[in-house]
Number of protein chains: 2
Amino acid sequence: EEIRTISDGDNNNQDAQNSERSVQIDKILNKTSYDVNLHRSESLDWFNVLIAQIIEQFREEAVNKNNILTSLNNFFTNNFMTLPDYLDTIKVTELDIGNSFPIFSNCRIEKEKQQLEAKIDIDLKDRLALGVETKLLLNYPKKGFASLPISLTVAVVKFHGSLTVSLTRADEFIHPPEDESTTHVKKEVQGKDGNGYFLIFSFSPEYVLEFETSSLIGARSKLENIPKIASLIEYQIKKWFVERCVEPRFQFVKLPSIWPRSKNVREEKNESAP
Amino acid sequence: EEIRTISDGDNNNQDAQNSERSVQIDKILNKTSYDVNLHRSESLDWFNVLIAQIIEQFREEAVNKNNILTSLNNFFTNNFMTLPDYLDTIKVTELDIGNSFPIFSNCRIEKEKQQLEAKIDIDLKDRLALGVETKLLLNYPKKGFASLPISLTVAVVKFHGSLTVSLTRADEFIHPPEDESTTHVKKEVQGKDGNGYFLIFSFSPEYVLEFETSSLIGARSKLENIPKIASLIEYQIKKWFVERCVEPRFQFVKLPSIWPRSKNVREEKNESAP
């Protein structure tokens, strides 16, 4: 009986919080003149240009410095000892960092679980590819008995997804203070200045991620297990993505303060000295 | 003669770089289907909602915890020793953190100095006010001879400005490698991972910042130097703003990597346990 009463009290408290939250959300939507039911989705063409510019800079650097290829080859060389003993050294033969840009569009605000979130469509048609060569070592009946050259290319050629984005302060995210994992977050978040701003994003599970994978085992012959190798790799890439940022998982990234500070001031230079 | 040739070489090199940069910018605009001359400016209503939500959270915290008022009073108490000896302790009597939200609108891409930038209008009509009370101590002809109570309120009531925003990687920002100040930036930037993304923003000099300042000196009488005190404070606030983020000055803020990482993963919880 008494337990029942306490539980009711908690529910009432929760209800009061939810109702307060609803009032707050209505106020925000009202003051920003945004009607979640009627407002048209907005374009993000300006954002596409800024993102494209930053990606282009990244690519230019990568090409000029050859740095991705170098670090990949270093990685494979340095981790040689941890490779299974049936694989020879891995050599990167192809690296395609693409030539196109992601297109963000159709941005709209939705009210989800007492939270206002932006939903954005993303489309990418490009070719992001990694090709490697190695040898499959047959150590039976004796070590180094035979080896089969393997050549493998994995390419992502299409992505389409719906991205959910919101901004929050730390407190908002941490509902249950008794939960251990969130306590950890709270510490991390509020430790320094208690003043954190966070970007939260995740992709809807109905995303599309298309691959073009090709593999050759043996010098001249295609073997039958090629589709299996390809799908194993594709599975690992999708797993990596799903475990990090597909609902119900989301990424929770601390934003820097944009409060104007002296140390962040720079000044434009006159470009054309006489 | 020889110096002339070298200088010509530099110019040619610069020209080649500029021309390459132009080709790149045209490619970006082409692939993102953005014509800087014809594209209409875009609305940012979704962004207003997200920003409003984060400001509302900030205000709620500030009110619940009374933390701004506390830290302001602490500040004035702790810095008591550094105050001029003609001022008594300062007591914060009013703090208004506003009730409205900034409205961002009219976003368009412009090509400036081989760089693509977004220009965004910002409007804020609100009341952000700080009121203090202190006493003016007259230490002549002898210490503590007389004191005049002062009451002062400074309120920002309107802001309108044009914000320029761009994203960049570190390398892009650092043109002259021989310049010492930029070398410093380069170190800071590339020190850790050589992988920095930056948000650059500044306000156009034609901004509007309106104040409502009121001050009372003496218990019952208004003295003639009141407008001077008010304009001195307004001048200091504008100076603070101009020195940090009005062209040609800009803020240069390192963005966090949004590359999906395990450590940033969180998972949604089922809110309604039975």
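Below are the figures for this structure:
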{"quantity": "Copy-to-copy label separations for B:THR70, where each label sits 7 Å from Cα toward Cβ, in nm and ascending", "calculated": "5.2"}
{"quantity": "Ranking by accessible area, most exposed first, for B:LYS239, B:LYS143, B:LYS113 with a 1.4 Å probe", "calculated": "B:LYS143, B:LYS113, B:LYS239"}
{"quantity": "Accessible-area order (highest first, 1.4 angstrom probe) of the listed residues B:VAL208, A:VAL49", "calculated": "B:VAL208, A:VAL49"}
{"quantity": "Solvent-accessible area buried by pairing A with B, both sides, nearest 100 square angstrom, 1.4 angstrom probe", "calculated": "7600"}
{"quantity": "Using a 7 Å Cα-to-Cβ projection, A:ILE229 label spacings across copies, nm, ascending", "calculated": "8.2"}
{"quantity": "Inter-copy label distances at B:GLU94 (7 Å, Cα→Cβ; nm, one decimal)", "calculated": "7.0"}
{"quantity": "Whole-Hz couplings from phi, Karplus 6.51/-1.76/1.60, listed for the stretch A:87-94; x for Gly and Pro", "calculated": "10, 7, 4, 9, 10, 7, 9, 9"}
{"quantity": "Förster radius 45 Å - calculated FRET efficiency between B:ALA146 and A:GLU112, Cβ distance, rounded to 0.05", "calculated": "0.10"}
{"quantity": "Amide H within-cut-off set for B:SER100, under 5 Å, with H built and near neighbours excluded", "calculated": "B:ARG127"}
{"quantity": "Amide H partners (placed H, <5 Å) of B:LEU255, local residues excluded", "calculated": "B:TYR197, B:PHE198, B:LEU199"}
{"quantity": "Net +/- balance of residues flanking A:GLY98 in space, Cβ distance below 12 Å, scoring K and R +1, D and E -1", "calculated": "+2"}
{"quantity": "Amide H contacts of B:LEU138 (H built 1.01 Å from N, under 5 Å, at least 5 apart or other chain)", "calculated": "B:PHE145, B:ALA146, B:SER147, B:LEU148"}
{"quantity": "DSSP-loop trypsin sites (Lys or Arg not before Pro) across the stretch B:35-83, with at most 12 other Cβ within 10 angstrom", "calculated": "B:ARG40"}
{"quantity": "Cβ-based net charge around B:VAL265, under 10 Å, with every Lys or Arg adding one and every Asp or Glu removing one", "calculated": "+3"}
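The values are calculated or read from the model by the stated rules, or taken from the named source; none is laboratory data. Every value quoted in this text rests on a predicted model; they were computed, and no experiment measured them. Because the Cβ atoms are built from the backbone with ideal geometry, glycine has one as well, and the counts that use them run over all protein chains shown. To get the accessible areas, we keep the full protein, side chains included, count just its heavy atoms, and leave off ligands, DNA and RNA. Shrake-Rupley method; radii C 1.70, N 1.55, O 1.52, S 1.80 Å.
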